[in-house]
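Read the figures in this text as sums done on the coordinates, not as results from a lab. Since the structure is predicted, the reported quantities are computational estimates derived from the model, not experimental observations. In this analysis, Cβ positions are derived from the backbone assuming ideal geometry, glycine residues included, and neighbour counts consider all displayed protein chains.
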Amino acid sequence: MKKLPKRILFTIVLALFLASFFLMLYFGKETFYVEKQISSQQIYDYHFALITEEVGNDYWREIENGAKEEAAKHNVYLEYIGPRKSDKEEKLQTFDRMISSKVDGIITQGIPGERFKALVHKAVERGIKVITVDTDVPDSERQLYVGTDNYKAGYSAGQAIIKDTEGEIMVGAVIGMFDALNQQERLQGFKDAIAESDRIELVEVMESNITEIGAAEATYSLLKQYPQINALVGMSALDGVGIVQGIEEIHLDHTPYVLSFDILPQTLEMIDQGKIAATVSQYPAQMGKQAVSRLLDLQNGRKVEQMQYTGTGIIRARDIRNGEIIRKGERS
Ligand code: BGC
């Protein structure tokens, strides 16, 4: 066999060397990258799930923020999950999926009906702790509830309207959802409070679907159908702002009294502008924080109180400065 000239041989050897060198660099980098990914993956002590009513809702975002802050302090991985638009079926399915994925604890809004109770039972049987937040289902096997005393909050709304108004008052109420337990409790509390006065009457209740536009439409219908209505009450976080929009659309010659729920920035702004007279405050960030903290207590076998109320108050213009609450208002 003819010998290859030295120069060609050298070139081939050099090419082989360079090729293997670059291959080594490439695969070496890939290996290094994977290792780096693995080492940066945090090992958490617990995995909790927070099932929300609606992922994009500002009120639920505050619950999430409080929960995430607490989770970060205690090396907990918190999964925030729920439907984009409030949907009972999807919430129940998410609950079931979280049980199957064997999380350590579940924080969820209480949902009416037997299926919710059956799912809580399933979770508890599998050793998964369940806490209800914002809305309770006391006859389920959930370990505890963190949130507002909804009956009392509704009652204080009724007391506020008695205190703030004079003469005959015809009320139109806008509630988030007819089948939400917290809305039913607030409404019942409200009715019981105004029953103590003989000049205030609840004329009609309509649903907003927990949206601003829904509340505006409900208000419009209420005022059209019942021109005698001179006060409007909104029972979920976006209802107050929607009610004001509904009133502005209809151009009345009198300004109805408006009472709302929650202290989202837009609501506070409308109180500042005199469009909403008062709002019932809730403390969603506190609910999220406390729920995570109690789940940790349960994981560590500590004793916990079953009912953990986060408090409410009545906030009026005098309690707000530059869009911020400067004092907690009248306690309810
Ligand atoms: C209620 C929540 C509801 C939210 C809707 C709040 O007042 O407590 O249950 O999801 O309003 O915006």
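Rounded to the nearest 20, the size of the Cβ-charge dipole of the stretch 94-210 about its Cα centre is 780 debye, with Lys and Arg at +1 and Asp and Glu at -1. Cross-linked pairs 289/328; 68/102; 152/275; 68/122; 102/122; 91/289: Cα-Cα separations exceed 23 Å for 152/275; 68/122.
Arrange 254, 47 by Cβ neighbour counts within 10 Å, fewest through most, would you?
Values: 254 6, 47 16.
Neighbour counts put them in this order, fewest first: 254, 47.
Under 1.5 on a/c is rounded, so check that first for the stretch 181-223, then, if it is not, pick prolate when a/b is larger than b/c and oblate when it is not; a ≥ b ≥ c are the square roots of the alpha carbon gyration tensor eigenvalues.
Working: a/c = 3.89, a/b = 1.54, b/c = 2.53.
Cα axes put the stretch 181-223 in the oblate bin.
Report summary: the helix-based calculation at 222 nm, which adds -39500 (n - 2.57) for every DSSP H run with n ≥ 4 and divides by the residues of the chain, gives -15500 deg cm²/dmol. The loop-placed trypsin sites (Lys or Arg not before Pro) in the stretch 181-227, going by DSSP, that have at most 13 neighbouring Cβ atoms within 10 Å of their Cβ come out as 199. Computed on the Cα atoms alone, the convex hull of the stretch 85-189 gives a volume of 102 cubic angstrom per residue.
In the chain, Rg over Rh equals 1.25, where Rg is the alpha-carbon radius of gyration and Rh the Kirkwood radius from pairwise Cα distances.
Work through the residues other than residue 272 whose Cβ is under 13 Å from its Cβ and net out their charges, Lys, Arg +1 and Asp, Glu -1. List each step's numbers first, then the result.
Working: positive: 275, 316, 318, 321; negative: 269, 319, 324.
That works out to +1.
Compute the Cα gyration tensor for the stretch 171-257, then decide on rounded, prolate or oblate, letting a ≥ b ≥ c be the square roots of its eigenvalues: rounded whenever a/c is under 1.5, prolate when a/b is larger than b/c in the other cases, and oblate in all that remain. Oblate shape, in that a/c is at least 1.5 and b/c is the bigger or equal ratio.
If only the Cβ of Lys and Arg carry +1 and only the Cβ of Asp and Glu carry -1, the dipole of the chain around its Cα centre is close to 2660 debye.
Please order 236, 156 by the number of other Cβ within 10 Å, starting at the fewest. Don't jump to the answer; show the numbers that get you there.
Numbers: 236 28, 156 24.
Listed from fewest to most nearby Cβ atoms, that is 156, 236.
With the convex hull constructed from alpha-carbon coordinates only, the stretch 247-332 shows a mean projected area of 7.4 nm² over all directions.
Taking 119, 14, 181 in turn, the Gaussian network model of the chain (Cα-Cα springs below 10 Å) assigns the largest fluctuation to 14. For the chain, the share of DSSP beta bridges that are antiparallel, to the nearest 5, is 20%. Remark: the residue 253-residue 209 segment gains 13.0 nm on full extension, using 0.36 nm per residue and subtracting the alpha carbon distance. Each of 250, 301, 291 was scored by the projection of its Cα onto the charge dipole of the stretch 192-302, and the greatest displacement toward the positive side belongs to 301; charges sit on the C-beta of Lys, Arg, Asp and Glu.
Of 262, 96, 179, 139, how do they rank once you tally other Cβ atoms within 10 Å and put the fewest first? Mind showing how you got there, number by number?
Values: 262 27, 96 15, 179 12, 139 7.
Ordered from fewest to most neighbouring Cβ atoms within 10 Å, 262, 96, 179, 139 come out as 139, 179, 96, 262.
Looking at the stretch 229-321, the trypsin sites (Lys or Arg not before Pro) that sit in a DSSP loop and have at most 10 other Cβ atoms within 10 Å of their own Cβ are 302, 303.
Farthest towards the positive end of the charge dipole of the chain, among the residues 169, 10, 229, is the Cα of 10, using unit charges on the Cβ of Lys, Arg, Asp and Glu.
Selection among 121, 206, 310 by position relative to the dipole of the chain gives 121 as farthest towards the positive end (Cβ unit charges, Cα centre).
Restricting the stretch 235-332 to GluC sites (Glu not before Pro) that sit in a DSSP loop and have at most 12 other Cβ atoms within 10 Å of their own Cβ leaves 305.
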